[in-house]
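The structure appears right after this line, and notes come after that.
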Amino acid sequence: ELKGEDGSFDDLADEVKVTLVVHHQTILRNKRCLQAYVNQRALTLKRLRWELGPVLPADMRANMGRREAEFHTGYDNLLTDYMAQVGVDITSDLSPPKELMVEVRVLEDVGEVMMESGSVNLAKGTQHSLKRADVEHLVRQGYLEELERHESC
């Protein structure tokens with residue numbers, strides 16, 4: 001035991017006291033750094049759930065540890081349960097829409113997709129005018145690109 005007979009560190013040499021303090025402070029610093037890293041990863045997983053939806057791309061999943069995958073699944077279940085209880089998809093529009101319809105260009109072949117207004121074939125390079133709510137998730141996933149509308153005077 002490092003403590004003296006009276007329970008204090010007074011009997012230790014100054015070099016030992018300094019070493020103990022530096023070692024303890026180093027452990028505390030490393031702990032804070034690791035906690036900040038884990039917190040940042042959790043915030044990133046939450047942000048990705050809101051931006052990309054419940055299914056993450058394979059390359060992102062490959063960079064996740066088992067605990068991170070469990071966290072993402074748990075957060076997704078929590079968010080999905082909440083949306084089911086309130087009856088509203090709160091992830092559909094991350095910013096308030098200016099218009100109900102949007103012009104989109106297809107960046108990757110998606111194929112035949114069933115939308116509220118009917119079936120649409122989303123082939124690469126084609127442009128469509130569709131309901132924002134129907135295509136928001138495809139825009140966030142990178143399959144579609146929203147085109148700017150220029151209003152005439």
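The values are calculated or read from the model by the stated rules, or taken from the named source; none is laboratory data. From a predicted model like this one, the values you see are computed outputs, not experimental measurements. Using ideal geometry, Cβ is built from the backbone for each residue, glycine included, and neighbour counts are taken over all protein chains shown. Accessible surface is based on the protein model in full, side chains and every heavy atom, while ligands, DNA and RNA are left aside. Shrake-Rupley method; radii C 1.70, N 1.55, O 1.52, S 1.80 Å.
Some values worked out for this structure:
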{"read-out": "All lysines inside 29 Å of Lys98 as judged from Cα atoms, apart from same-chain residues fewer than 8 positions distant", "value": "Lys46, Lys124, Lys131"}
{"read-out": "Rounded percent of accessible protein surface that carbon and sulfur make up, the chain, 1.4 Å probe", "value": "55 percent"}
{"read-out": "Added length on full extension, which subtracts the Cα-Cα distance from 0.36 nm per residue, Lys131 to Glu99", "value": "10.6 nm"}
{"read-out": "Distance in nm between pseudo-label sites at Asn30 and Lys17 (7 Å out along the Cβ direction from Cα)", "value": "2.5 nm"}
{"read-out": "Å² per residue, accessible surface of segment 1-125 at 1.4 Å", "value": "75 Å²"}
{"read-out": "Rounded FRET efficiency, nearest 0.05, which uses the C-beta distance separating Met83 from Arg41 and R0 of 35 Å", "value": "0.90"}
